[in-house]
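Asks: Pasting in a structure now, in C-alpha cells, and then I'll have a few things to ask.
What follows draws every value from the coordinates through simple rules; no lab data is involved. Owing to the predicted nature of the structure, the values given are computational and were not obtained by experimental measurement. Backbone-built Cβ (ideal geometry, glycine too); neighbour counts: all protein chains shown.
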Amino acid sequence: MMNIFSKTKETDYTIIIGCGRLGASLANMLSDNGTDVLMLDKDEAAFRKLSSSYGGLTLEGDARDISTLREAGIEKAKVVVSVTNDDNTNIMVAQIAKELYQIPYVVCRLYDPERECVYHEFEINTICPAVLSANEINKLLGSSVYHMEAQRA
Ligand code: AMP
C-alpha cells in the first residue's frame, strides 16, 4: 500500500505524541512497517500500550515544552502526529511543527469538530473522531436501513 513513506526523503523519522490507544496502535503499525518512530508521552506508564515488537524509541515528557520537542529531535522529523487527549496541546504542537520547524507532514487529532474547519485553513491535517465516526455510521445506515425502508414503503 502506498503511503507518504513511499514517496520521498532519505529519513522517515516520525514523532508521535500521546501514547493512548490511537497513538500506540499507530506507533506499533509504523514500527512494524520499518518506520523510524519516537513515541512521546508525559506519562511513562502509557508506554505499556506499545507492543512487544515495537522497535522505536520512547521519551517521557510534556509536549507543551519546546525543549522536550527538541529532545525528541523535532528538527529532523519528516512526520509529526499529535494525538494527546487535549485539543489545545495537539494544536499547539502542530503549529510549532509546521511553522517553526517546517515539518512536511503534520497531523493532529481534534475532539472538537468546530475547530477542525479552522485548522484546515492552516494546512494542518486534522482527524476528528466524532466526524469520522458519524460519517461511517451514516454510510452504514444509509446503504442498508433507510434504503430498505424506502423500498418497503
Ligand atoms: P488517549 O486519551 O487514550 O488517546 O491518551 C492520550 C495520551 O496523551 C495519554 O497517554 C496522555 O498521557 C498523553 N498526553 C496528554 N497530554 C500530553 C502532553 N502535554 N504531552 C505528552 N503527552 C500527553
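Asks: Which members of segment 58-88 meet the condition of being near the ligand (Cβ under 9 Å from one of its atoms) and assigned to a loop (DSSP other than H, G, I, E, B)?
Replies: Gly61, Asp62, Ala63, Arg64, Asp65, Val83, Thr84, Asn85, Asp86
Asks: Would you check which residues across segment 98-125 are touching a residue at least 24 places away in the same chain (Cβ under 8 Å) and not in a loop (DSSP other than H, G, I, E, B) and list them?
Replies: If the condition is that a residue be touching a residue at least 24 places away in the same chain (Cβ under 8 Å) and not in a loop (DSSP other than H, G, I, E, B), then Lys98, Tyr105, Val106, Val107, Cys108, Arg109, Arg115, Tyr119 are the ones that fit.
Asks: Of these, Tyr105, Tyr111, which one is more than 14 Å from the ligand (Cβ to nearest atom) and within 23 Å of Val131 (Cα to Cα)?
Replies: On the way: Tyr111 fails: more than 14 Å from the ligand (Cβ to nearest atom).
Only one candidate qualifies: Tyr105.
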